[in-house]
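These notes are about the structure you will find just below.
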Amino acid sequence: MKEEKVPSTTEGPLLQASENLQNDMNGRERKRSGSTLQTLSESSKAAWQRVIEFYSKDPSARSASLKDVEEGYRTIDPLSSRRLVTALSVIVLAYLLSRAYVSLEHIGILLKQLRLRTIELIGAATFFALLQVAYELHRKRPVYLVDFATFKPPEKNRVTHESFLNLTRHIGLFNEEDIRFQEKLLKTSGIGDHTYFPDGILQGGEEIRRTGQPSKVLNMKAARQEAEEVIFGCLRSLFEKTGFCARDVDILIVNCSLFNPTPSLSAMVVNHFKMKSSILSYNLSGMGCSAGLIAVDLAKDLLTAHKNSVAVIISTENITQNWYIGHERSMLVTNTLFRMGGAAILLSNRSKDKKLAKYRLNYTVRTHFGADDNAYTSIYQEEDSEGVRGVRLSKSIMDIAGKALKHNITTLGPLVLPVSEHIRFFWNYFLRKTSLYHNLNPYVPDFHNAFQHFCIHTGGRAVIDALEKVLKLSEEDVSPSRFVLHRFGNTSSASVWYELEYIERSGRMRRGHRIWQIAFGSGFKCNSVVWQSLVSVPPSSIDY
């Protein structure tokens, strides 16, 4: 279905709005050299607000694309539904009974007719057999989320606003303009005083100041130490919570976008936990903050192909070697947003694990705009003019994220919205195609009819604010995202799991509730995962 307040692909109005925004930013750039991201950071909320206001005032820009809606319907497989197969079987049986006499006095006639209609009986039996075969071929094995665990760094890794700025000044590589810029970003970021940095950064400041060579301190060894602490820590917690052990794992998927050593991180896990030699291991890299949901989609496909299997997903990002020590503002923003964190998730398709599981996987929807050059380069890792490596954010990232979000939820809608919302949408669409109702505002589906909980990737406060307005969410709906951003910062692909943990701890999760996880990533990608709760989770302290 269509979420119609999401930025549209309508070229004319969108191009004009984008040009106005870029002209405004370019004007600021001419006043101040090297301010590519300053214009973005200073006006990120204003940019989102312009996009929101533009699409709210122009109904034609929010018009639905039936092509996108059809994509959602094409993913529905009728023969995979037990209810539909059962209904068809009942209809055929009712038809056969209607062809015979049902009164007691005609039992003999009924038997005679059955004997005379051998061909019909053979045809009916064949139909039932083919129907069951088709169902078994199309039936997707349920994928259960047994449990998950997030990494809680020790207090020694805590970084406050003050300690962050002190560290930034102490290393002696940033000028005052850089420090003021990061301080301004930090104040408006929504990040609190209880996030975490790895030891390599916190303990290496003095060495960086003394040598002036951060590469000797923020090296491969320090990055490996961070990866081991996070990955091993959350995986141990997962095994303790579930009672599973390393030898039970059949499939292992590790995603980390910016740190990809050899041997891989997945091999590091196999080695440390002494997993079995037959394990299927995968290492996802360079896929950005939405890679955790891509890993869920990959695990779903692997569990569909491999019966009676257990899969573990580990989602993290490595900060040590990706702390930008340069002066280009389009790259400095990552220093203020990204923090240390990770999550481990245990999935299973074994029927015996259903009684242990918390959630069942309903849907995964992936949207990839990589064919568009602007989208592809909107989040781009490269060296700056001085040869310092960092991740550059494009000025057009807001518009690109809006387009990707629109496409993703338009495809997701037919899978999750109730029939009443489908009818309202198509009736509205039909009326707007007539001459009498061409000015009628498009119908905006209410996603509260599909989901009880929303886990929005913590890309920043401006992003959460914008999605709250675009999707017409309440403060309670986005409170998990705001809490996690404030408490842990942007932990990249692991953020949606910190949010789900917050929902559980707050006591909101009830049996039958549906959860929507959505995240953006480099490439440019927007991915969604839908879970359904199998249990009611009792509340616990959210002061952690």
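The values are calculated or read from the model by the stated rules, or taken from the named source; none is laboratory data. Keep in mind it's a predicted model, so treat the numbers as computed, not measured. For neighbour counting, all protein chains shown are included, and Cβ atoms are generated from backbone atoms with ideal geometry for every residue, glycine included. Just the protein is used for accessible areas: all its heavy atoms, side chains included, with ligands, DNA and RNA removed. Shrake-Rupley method; radii C 1.70, N 1.55, O 1.52, S 1.80 Å.
Below is a table of values for the structure above.
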item: Amide hydrogen neighbours beyond the local backbone of residue 309, cut-off 5 Å, H modeled; result: 349, 350
item: Amide H within-cut-off set for residue 196, under 5 Å, with H built and near neighbours excluded; result: 159, 340
item: ³J(HN,Hα), Karplus 6.51/-1.76/1.60, whole Hz, each residue of region 345-353, x for Gly, Pro; result: 10, 10, 10, 8, 10, 7, 4, 6, 8
item: Accessible area per residue, Å², region 462-539 with all protein chains present, probe 1.4 Å; result: 27 Å²
item: Surface accessible to a 1.4 Å probe, residue 363 within the full protein complex, Å²; result: 80 Å²
item: Environment charge of residue 331, counting only residues whose C-beta is closer than 14 Å and scoring Lys/Arg +1, Asp/Glu -1; result: -2
item: Flagged links, alpha-carbon separation over 30 Å, of 355/525; 241/525; 307/403; 300/395; 152/216; 216/525; result: 355/525; 241/525; 307/403; 300/395; 216/525
item: Exposure ranking of 220, 275 by accessible area [1.4 Å probe, largest first]; result: 220, 275
item: Surface accessible to a 1.4 Å probe, residue 245 within the full protein complex, Å²; result: 60 Å²
item: Neighbour-limited loop hits for trypsin sites (Lys or Arg not before Pro), region 406-475 (at most 15 other Cβ within 10 Å; DSSP other than H, G, I, E, B); result: 433, 472
item: Under 5 Å, built H, 5+ apart or other chain: amide partners of residue 359; result: 145, 534
item: Probe 1.4 Å - accessible area at residue 323, Å² to nearest ten; result: 10 Å²
item: Cα gyration tensor shape of region 439-535, rounded if a/c is under 1.5, else prolate or oblate by comparing a/b with b/c; result: oblate
item: Candidate residues 477, 248, 373: accessible-area rank, largest first, probe 1.4 Å; result: 373, 248, 477
item: Fraction of accessible area attributable to carbon and sulfur, region 277-374 (%, probe 1.4 Å); result: 47 percent
item: Candidate residues 296, 388, 419: accessible-area rank, largest first, probe 1.4 Å; result: 419, 388, 296
item: Carbon/sulfur fraction of accessible area - region 408-491, other protein chains in place, 1.4 Å, %; result: 59 percent
item: Calculated from backbone phi, Karplus (6.51, -1.76, 1.60) coupling profile of region 290-301 in Hz, x at Gly/Pro; result: 9, 5, x, 6, 5, 5, 5, 5, 5, 4, 4, 5
item: Fully extended contour minus Cα-Cα distance, from residue 372 to residue 388, at 0.36 nm per residue; result: 3.1 nm
item: Neighbour-limited loop hits for GluC sites (Glu not before Pro), region 354-424 (at most 15 other Cβ within 10 Å; DSSP other than H, G, I, E, B); result: 386
item: Vicinal HN-Hα couplings computed from phi for region 384-396 (Karplus, 6.51 cos²θ - 1.76 cosθ + 1.60; Hz; Gly/Pro x); result: 7, 5, 9, x, 8, 7, x, 10, 8, 9, 7, 5, 8
item: For region 230-383, accessible area per residue (1.4 Å probe, heavy atoms of protein chains only), Å²; result: 38 Å²
